[in-house]
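The values are calculated or read from the model by the stated rules, or taken from the named source; none is laboratory data. Every value quoted in this text rests on a predicted model; they were computed, and no experiment measured them. Please note: Cβ atoms are built from the backbone with ideal geometry, for glycine as well, and neighbour counts cover all protein chains shown.
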Amino acid sequence: MCGRATIITPAADLEKRFNAAFIKGAVLNENVNISAGNKIPVITNEQPNHIQMFTLGYTPKWAHKQTYMINARSEGDLNPENNPQYKGAMGIFNKPMFKHAVKSQRCLVLVDAFIEGPKQEKLNKPYLVYPNRDRGPFALAGIYDTWQHPLTGELHHTVAILTSAANRITQRIEHHRAPVILSREDEEKWLNPDMSVAELSRMMEPFDSKGFNAYPISSKIKSPDANGLELLKPTGDKLFKDYDRCLYERLKYAEEDDYVIREERLVEGDQFVLF
DNA sequence: CCAGACGTTGTT
DNA sequence: GTCTGG
DNA sequence: CCAGACGTTGTT
DNA sequence: GTCTGG
């Protein structure tokens, strides 16, 4: 079970990074342990200049009950072996539950990190996956829909995070899937309603592990109620050796000084793999 | 045609 | 809403 | 979030 | 009452 994410970057910095303003009434709550049912910041193709807070856990508009789908397989029924080398058509376009949304209701899901555990131990042995070199928040590929409660009429804006086969990082964590992380260049394309299926399929391939790292954290994260920066404290070595400060250190540092997202650095040679 | 499902990760 | 299975 | 389970023996 | 799965 993945389904946990972290958002801790202040609203003003998120707005600057993604060139969008929080929509009227939206409140960003710092949340180190976002789980099903919690609010998470998104930018939709319908309102690309605004950041909104949606409920993590997708429900298609036609559902009778809320379904809380946290993830959506980008390959659909294809690639049942979860082969990381899989290229080609993404079967999600054929899935009744997601086909409409993936064609016309795509969004960026804004996070600072996500949490993944091994297939076996799950969140009993969690790792925090984050961008190194202080690159700051990034965008997961999401799809969304609005579901209306049949009795109260209340509207629920819900979102699912797309998944792909594992990449280098999640393989090392012994997990066989990974969230779809969009490159900076693809963020705008993902929101472009005119993108071809082929181009969208390419964007859903496992993310480039270059520029990301991970380290183990406390299994206290398992409880959806647990929260706070201390949950992100490393409990062991990083997956890949590097000379950066880890996310926890970066955030601790931010508490003291003014929070600054450093300029994007060269991605080339980001990760020092020594062994 | 119509009723019923529509999904994930993870497990067996 | 749209596809599948009977 | 909420519906549904909530176990055993035997195996590793 | 509390944990798990979807």
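Among the residues of segment A:40-89, write down those that are among the hydrophobic types (A, V, I, L, M, F, W, C), more than 29 Å from A:Arg17 (Cα to Cα) and touching a strand residue (DSSP E or B) at 6+ places or on another chain (Cβ under 9 Å). Give the derivation first.
Going residue by residue through segment A:40-89, those that are among the hydrophobic types (A, V, I, L, M, F, W, C) are A:40, A:42-43, A:51, A:53-54, A:56, A:62-63, A:69-70, A:72, A:78, A:89.
So of that shortlist, the ones also more than 29 Å from A:Arg17 (Cα to Cα) come out as A:62-63, A:78, A:89.
A:Trp62, A:Ala63 - these are the residues of segment A:40-89 that are among the hydrophobic types (A, V, I, L, M, F, W, C), more than 29 Å from A:Arg17 (Cα to Cα) and touching a strand residue (DSSP E or B) at 6+ places or on another chain (Cβ under 9 Å).
Just one of (1) buried (at least 17 other Cβ atoms within 10 Å of the Cβ); (2) at pLDDT below 90; (3) closer than 20 Å to A:Ile221 by Cα fails for A:Asp134. It is (3).
Can you tell me which residue in segment A:50-71 is farthest from A:Leu14 (Cα to Cα), limited to those that are among the β-branched types (Val, Ile, Thr) and within 16 Å of DNA strand D (Cβ to nearest atom)? Filtering segment A:50-71 for residues that are among the β-branched types (Val, Ile, Thr) and within 16 Å of DNA strand D (Cβ to nearest atom), the one farthest from A:Leu14 (Cα to Cα) comes out as A:Thr67.
Does A:Met53 satisfy the criteria of being surrounded by fewer than 22 Cβ atoms within 10 Å (Cβ to Cβ) and within 30 Å of A:Lys252 (Cα to Cα)? Against the criterion (surrounded by fewer than 22 Cβ atoms within 10 Å (Cβ to Cβ) and within 30 Å of A:Lys252 (Cα to Cα)), A:Met53 qualifies. Within segment A:120-142, identify whether any single residue is in contact (Cβ under 8 Å) with a residue 60 or more places away in the chain, aromatic (Phe, Trp, Tyr) and within 12 Å of DNA strand B (Cβ to nearest atom), and answer yes or no. The answer is yes, given that some residue of segment A:120-142 is in contact (Cβ under 8 Å) with a residue 60 or more places away in the chain, aromatic (Phe, Trp, Tyr) and within 12 Å of DNA strand B (Cβ to nearest atom).
Scan segment A:161-175 and tell me whether some residue there is hydrophobic (A, V, I, L, M, F, W, C), within 27 Å of A:Thr9 (Cα to Cα), outside any helix (DSSP H, G or I) and more than 13 Å from the chain's Cα centre (by Cα). Give the steps one after another, and end with the answer.
Going through segment A:161-175, the residues hydrophobic (A, V, I, L, M, F, W, C) turn out to be A:161-162, A:165-166, A:169, A:173.
Now drop any that are not within 27 Å of A:Thr9 (Cα to Cα), which leaves A:161-162, A:166, A:169, A:173.
Pick out the ones that are also outside any helix (DSSP H, G or I) and you get A:161-162, A:166, A:173.
Then keep just the ones that are more than 13 Å from the chain's Cα centre (by Cα); that gives A:166, A:173.
Yes, segment A:161-175 contains at least one residue that is hydrophobic (A, V, I, L, M, F, W, C), within 27 Å of A:Thr9 (Cα to Cα), outside any helix (DSSP H, G or I) and more than 13 Å from the chain's Cα centre (by Cα).
Going through (1) assigned to a helix (DSSP H, G or I); (2) under 20 Å from the mean Cα position of the chain (by Cα); (3) more than 22 Å from A:Glu30 (Cα to Cα) one by one, A:Ala198 falls short only on (2).
Can you spot a residue in segment A:83-94 that is more than 16 Å from DNA strand C (Cβ to nearest atom), surrounded by 20 or more Cβ atoms within 10 Å (Cβ to Cβ) and not aliphatic (A, V, I, L, M)?
The first filter runs over segment A:83-94 and keeps only residues more than 16 Å from DNA strand C (Cβ to nearest atom), leaving A:83-88.
Within this subset, residues satisfying the condition of being surrounded by 20 or more Cβ atoms within 10 Å (Cβ to Cβ) are none.
Checked against the condition, which is being more than 16 Å from DNA strand C (Cβ to nearest atom), surrounded by 20 or more Cβ atoms within 10 Å (Cβ to Cβ) and not aliphatic (A, V, I, L, M), segment A:83-94 yields no hits at all.
Of the residues A:Ser35, A:Ser74, only one is within 15 Å of the chain's Cα centre (by Cα), more than 16 Å from DNA strand D (Cβ to nearest atom) and not hydrophobic (A, V, I, L, M, F, W, C); which? Going through A:Ser35, A:Ser74 in turn, the sole match is A:Ser74.
Mind counting the residues in segment A:60-117 that are among the aliphatic types (A, V, I, L, M), in a strand (DSSP E or B) and more than 16 Å from DNA strand E (Cβ to nearest atom)? Please lay out each step first, then the result.
The initial filter retains those residues of segment A:60-117 that are among the aliphatic types (A, V, I, L, M), namely A:63, A:69-70, A:72, A:78, A:89-90, A:92, A:97, A:101-102, A:108-111, A:113, A:115.
When the remaining residues are screened for being in a strand (DSSP E or B), the result is A:69, A:72, A:108-111, A:113, A:115.
Checking which are more than 16 Å from DNA strand E (Cβ to nearest atom) leaves us with A:108-111, A:113.
The number of residues fulfilling the criteria is 5.
Candidates in segment A:2-25 are the residues that are surrounded by fewer than 16 Cβ atoms within 10 Å (Cβ to Cβ), part of a loop (DSSP other than H, G, I, E, B) and not β-branched (Val, Ile, Thr); of these, the one that is farthest from DNA strand E (Cβ to nearest atom) is A:Asn19.
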